[in-house]
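Asker: One structure follows; several queries about it will come next.
Readers should treat all values here as calculations from the given coordinates under stated rules, not as data from a laboratory. Values in this document were obtained by computation on a predicted structure and should not be read as measured data. Cβ placement follows ideal geometry from the backbone for every residue including glycine, while neighbour counts extend to all protein chains displayed.
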Amino acid sequence: MSITTERKQTLRARLRAQRRAIDAGTARWAARMAAKRVMRLTAWRRARRIAVYLAADGEIDPQPLVEAAWRAGKQVHLPVIQPPKGERGRRAARQRGHLIFRRYDRDTPLHPGLLGIPEPAGRSHPACSLAAIDLLIMPLVGFDEAGHRLGMGGGFYDRTLGMRGRFRRPICLGLAHACQKQPAIPHDPWDQPLDICVTNLETIFC
Ligand SMILES: Nc1nc2c(c(=O)[nH]1)N(C=O)[C@@H](CNc1ccc(C(=O)N[C@@H](CCC(=O)O)C(=O)O)cc1)CN2
Ligand SMILES: Nc1ncnc2c1ncn2[C@@H]1O[C@H](COP(=O)(O)OP(=O)(O)OP(=O)(O)O)[C@@H](O)[C@H]1O
């Protein structure tokens, strides 16, 4: 295992524990403050199709943004883990899977995805690729001002952004609790940078 991978793992464990320790009231307040900041951005106002996530493991909850997007008539999507072609199972998905996106409306049925996070059950809307997304609101474990992002370790967002070919890149916005900001995040060549990071306390253009 590389030294960067080891440093990422140590930092990931510490930040995940810190994130989970935030009490429910504080977390709800933080989610509202961060949502307000996002809604002031030009990138938000211009976006017709956004992707969010369903908060897990102490992640800051994008739900206030989802409600605002629905009210504003924006199309909301959620990531769905795709295992590599012709393979099934969590191991293959974890090592080489990527993300596609499915519409998330008020009445979309959800079911647990390959790694336990709920995903739209499909069929109601066709899945779309990253190319259809204007604003990608990304979960994260840690970030720094340079836009380096530490995720849960699946590499899903990195792989998905890395394989987009000639398609335009969506605006990548990391959503986080203020305590997830670090002086410097260890990074690898495949890490995809954030364009903007928004916390309950600040908006950072990377
Ligand atoms: N809310 C949310 N949704 C998301 C992501 C995310 O980081 N947050 N992802 C970003 O890529 C993808 C899922 N990535 C994941 C990566 C690792 C684990 C994970 O380690 N889960 C368990 C172990 C589960 C298992 O291996 O069966 C754990 O918490 O230890 C879960 C999801 C797509 N959806
Ligand atoms: N573009 C890519 N090509 C090949 N492998 C990749 C690519 N992107 C990520 N990976 C693999 O994914 C694994 C996890 O990467 P990393 O620890 O940076 O994930 P992460 O950014 O924390 O996770 P996520 O993006 O899911 O939130 C690495 O072991 C790496 O080999």
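Asker: In the chain, with Lys and Arg counted as +1 and Asp and Glu as -1 at Cβ, which of these residues, LEU201, ALA72, LEU140, has the Cα nearest the positive end of the dipole, that is, farthest along it?
Answerer: Sorting the options by dipole projection puts first ALA72.
Asker: Across the range 172-180, in residue order, what do the Karplus-derived ³J(HN,Hα) couplings come to in whole Hz, using 6.51 cos²θ - 1.76 cosθ + 1.60 with θ = phi - 60° and x for Gly and Pro?
Answerer: Per-residue couplings from phi come out as 9, 10, x, 10, 8, 6, 3, 5, 8 Hz.
Asker: Using a Förster distance of 41 Å, how high is the FRET efficiency between THR10 and PHE167, based on the Cβ-Cβ distance and rounded to 0.05?
Answerer: Numbers: r = 35 Å, r/R0 = 0.84.
With R0 = 41 Å, the Cβ-Cβ based efficiency is 0.75.
Asker: Please check which bits of the range 152-191 a label hung off ALA21 would reach, taking the label as a point 7 Å along Cα-to-C-beta and the cut-off as backbone N under 18 Å.
Answerer: Within reach of a label on ALA21, which here means backbone N under 18 Å from a point 7 Å along Cα→Cβ, the range 152-191 contributes 177-183.
Asker: Do you know the relative contact order of the chain, to the nearest whole percent, from alpha carbon pairs under 8 angstrom that are 6+ apart?
Answerer: Numbers: 386 pairs, mean separation 46.5, N = 206.
It rounds to 23 percent for the chain.
Asker: Could you please state, rounded to a whole Å, how far the C-alpha centre of the range 187-206 is from the C-alpha centre of the range 77-133?
Answerer: 24
Asker: Among the lysines, which fall within straight-line cross-link reach of LYS36, defined as a Cα-Cα distance under 20 Å, with same-chain neighbours fewer than 8 residues apart omitted?
Answerer: Partners found: LYS74, LYS181.
Asker: Classify the range 1-86: rounded, prolate or oblate, from the alpha-carbon gyration tensor (a ≥ b ≥ c, eigenvalue square roots; a/c under 1.5 rounded; otherwise prolate if a/b is larger than b/c)?
Answerer: Values: a/c = 2.24, a/b = 1.35, b/c = 1.66.
It is oblate, given that a/c is not under 1.5 and a/b is not larger than b/c.
Asker: Taking springs between alpha-carbon atoms closer than 10 angstrom, which of GLU59, GLU87, GLU119 fluctuates most in the Gaussian network model of the chain?
Answerer: GLU87
Asker: Okay, next question. Treat every Asp and Glu Cβ in the chain as -1 and every Lys and Arg Cβ as +1, leave all other atoms uncharged, and give the resulting dipole magnitude about the Cα centre to the nearest 20 debye.
Answerer: Details: 35 positive and 18 negative charges, 100 e Å.
Here the chain has a charge dipole of around 480 debye.
Asker: Still on this structure, I have one more. What shape does the range 1-146 take by its C-alpha gyration tensor, where a ≥ b ≥ c are the square roots of the eigenvalues and a/c under 1.5 counts as rounded, a/b above b/c as prolate, and the rest as oblate? Present the calculation step by step, with values, prior to reporting the outcome.
Answerer: Working: a/c = 1.66, a/b = 1.07, b/c = 1.55.
The shape class here is oblate.
Asker: Right, another one. Only Cα pairs under 8 Å and at least 6 apart count here; give the relative contact order of the range 3-124 as a rounded whole percent.
Answerer: Details: 142 pairs, mean separation 22.7, N = 122.
In percent, rounded to a whole number, it is 19.
Asker: With a ≥ b ≥ c taken as the square roots of the eigenvalues of the C-alpha gyration tensor of the range 57-206, please select rounded if a/c is under 1.5 and otherwise prolate if a/b is larger than b/c or oblate if it is not? Don't skip to the answer; put the middle values down first.
Answerer: Details: a/c = 1.59, a/b = 1.18, b/c = 1.35.
Judged from the Cα gyration tensor, the range 57-206 comes out oblate (a/c at least 1.5, b/c at or above a/b).
Asker: Please give me the summed charge of the neighbours of ALA121: other residues whose Cβ is under 14 Å from its Cβ, Lys and Arg +1, Asp and Glu -1. List each step's numbers first, then the result.
Answerer: Working: positive: ARG102, ARG103, ARG123; negative: ASP105, ASP107, GLU119.
So the surrounding residues net to 0.
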